[in-house]
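The values are calculated or read from the model by the stated rules, or taken from the named source; none is laboratory data. Computed from a prediction, not measured in an experiment: that's the story for all the values here. Counting neighbours? That spans all protein chains shown, and the Cβs are built from the backbone with ideal geometry, glycine included.
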């Protein structure tokens with residue numbers, strides 16, 4: 001049975017860095033999709049599910065903060081790490097408020113990044129499992145004492161809330 005790989009979206013306008021980090025992470029067992037700009041990243045995320053996005057802060061067009069905002073608003077369980085060579089305390093605080101899981105400076109140590117990715121993935125799974133449990137509890141409560149039609153109507157409402 002094949003082990004499920006963590007699906008990463010890596011977004012950086014520096015192609016040499018992007019190619020390098022992609023190769024290094026793939027060698028470590030991650031499934032990596034790369035994007036060279038924010039618009040490409042958003043398009044990819046709309047077509048494929050990702051567990052984590054590593055997003056460069058400073059890019060032409062959609063910058064890292066804008067990509068972060070869009071990803072978090074459109075994808076309930078994606079976690080985003082901002083990578084930047086141009087970091088500041090203000091931008092770190094702003095990105096965290098927008099939903100970034102973490103904010104890491106470039107250059108980085110590969111081992112530290114891998115540990116961070118594993119930590120982020122674990123937090124993502126815990127959040128999803130917690131939400132799934134709450135949803136199952138709601139379904140159980142709906143199923144108690146309701147007619148089949150009432151159950152279907154309530155399940156449809158729950159399903160619509162997910163969208």
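Every listed requirement among (1) more than 29 Å from residue 160 (Cα to Cα); (2) surrounded by 12 or more Cβ atoms within 10 Å (Cβ to Cβ); (3) out of contact with any helix residue (DSSP H, G or I) (no Cβ under 9 Å at 6 or more places or on another chain); (4) modelled with pLDDT under 95 is met by residue 57 save one, (3).
From the set of residues in segment 4-21 that are assigned to a loop (DSSP other than H, G, I, E, B) and under 18 Å from the mean Cα position of the chain (by Cα), which is surrounded by the most Cβ atoms within 10 Å (Cβ to Cβ)?
Only one residue tops the list, namely 12.
Residue 24 passes every criterion in (1) part of a loop (DSSP other than H, G, I, E, B); (2) in contact with a helix residue (DSSP H, G or I) (Cβ under 9 Å, 6 or more places away or on another chain); (3) surrounded by fewer than 18 Cβ atoms within 10 Å (Cβ to Cβ) apart from (1). Of everything listed in (1) more than 11 Å from the chain's Cα centre (by Cα); (2) assigned to a strand (DSSP E or B); (3) closer than 28 Å to residue 130 by Cα, the single unmet condition for residue 41 is (2).
Looking only at segment 136-152, residues that are surrounded by 10 or more Cβ atoms within 10 Å (Cβ to Cβ) and at pLDDT below 80 come to 9 in all.
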